[in-house]
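Encoded as structure tokens, the structure appears first; notes follow it.
The values are calculated or read from the model by the stated rules, or taken from the named source; none is laboratory data. Fair warning: this is a prediction, and the values are worked out from it, not measured in the lab. Here the Cβ is made from the backbone with ideal geometry for all residues, glycine too, and neighbour counts use every protein chain on show. Note: areas computed on protein heavy atoms with side chains; ligands, DNA, RNA excluded. Shrake-Rupley method; radii C 1.70, N 1.55, O 1.52, S 1.80 Å.
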Amino acid sequence: MTGREGGRETSVVITYLEMRERPAGPFPSLPVNAPVSLMRAAAPTPRYFLYLYDTAGEGHHWTDRHGDAPETLRAFVGHEDVSLFSLIWEGWPGGLLMLDWREPGVCDLAYLGLGTPLRGRGLGPWLLGEAIRMGWDRDGVARMTVNTCTLDHPKALGMYQRAGFVPVRREEVSRALDGT
């Protein structure tokens, strides 16, 4: 069964993608007059991460991180090789990008997303471009990775591919939906 109905099992296809070299650019620009800033969250708390995670994952069933033990989540968001960036829209946090360099030579784009009120404003390609630029800026990066699934925004996979990510593996899983 496929779909997004709450409380039911659904089939989800996860696509794993990678980028083996830094794109030459140019990266997408911010839409004209968009009241946006991107700020790195220094020593973010798990609670703040989950706020951004829930904001970006609304309507896409982002719930996995809520099952993490508090110490696991604290270790992830507080790791020196993991960076959380808040997309600030008119003064409030409306999205996130999270980069994970814990694996030598790899930058994983762990999370990228916008809250519902910000979707459809042309911010996704810009945010992805910023993630790619920052991911490759760290010395020693030889590959960037990301994954998306059929529960994510329907344009996510195409956006990653247009940015230069190439699918390397697909996996089908069964997932219980929670009604979000």
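Points to keep in mind about this one:
- Residue list for segment 142-179, filter: in contact with a Phe, Trp or Tyr (Cβ under 8 Å, 6 or more places away or on another chain) and either surrounded by fewer than 17 Cβ atoms within 10 Å (Cβ to Cβ) or of a type in the set (Asp, Glu) (or both): Pro167, Val168, Arg169, Arg170, Glu171
Here's the yes/no breakdown for (1) small (Gly, Ala, Ser); (2) at pLDDT 85 or above; (3) within 19 Å of Glu171 (Cα to Cα):
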site	(1), (2), (3)
Tyr16	no, yes, yes
Pro23	no, yes, no
Ala42	yes, yes, no
Gly67	yes, yes, no
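- Extreme residue, nearest to Pro23 (Cα to Cα), among residues of segment 122-133 that are in a helix (DSSP H, G or I) and open to solvent by 30 Å² or more (accessible area, probe 1.4 Å): Arg133
- Residue within segment 21-30 that is free of Cβ contacts under 8 Å to residues at least 12 places away in the same chain and not in a loop (DSSP other than H, G, I, E, B) present: no
- Residues in segment 1-14 that are open to solvent by less than 90 Å² (accessible area, probe 1.4 Å) and part of a loop (DSSP other than H, G, I, E, B) were compared, and the one that is modelled with the highest pLDDT is Gly7.
- Of the residues making up segment 72-91, those that are under 27 Å from Gly105 (Cβ atoms) and among the acidic types (Asp, Glu) number 2.
- Residue under evaluation Ala56, criteria (1) open to solvent by 50 Å² or more (accessible area, probe 1.4 Å); (2) touching a residue at least 12 places away in the same chain (Cβ under 8 Å), criterion not met: (1)
- Subset of segment 35-51 [among the hydrophobic types (A, V, I, L, M, F, W, C), open to solvent by 30 Å² or more (accessible area, probe 1.4 Å) and in a helix (DSSP H, G or I)]: Leu50
- When Ser174 is tested against (1) part of a strand (DSSP E or B); (2) touching a helix residue (DSSP H, G or I) at 6+ places or on another chain (Cβ under 9 Å), only condition (2) is not met.
- Screening the candidates Gly78, Gly67 for the property of being farther than 21 Å from Arg162 by Cβ, touching a residue at least 12 places away in the same chain (Cβ under 8 Å) and not polar (S, T, N, Q) yields one hit, Gly78.
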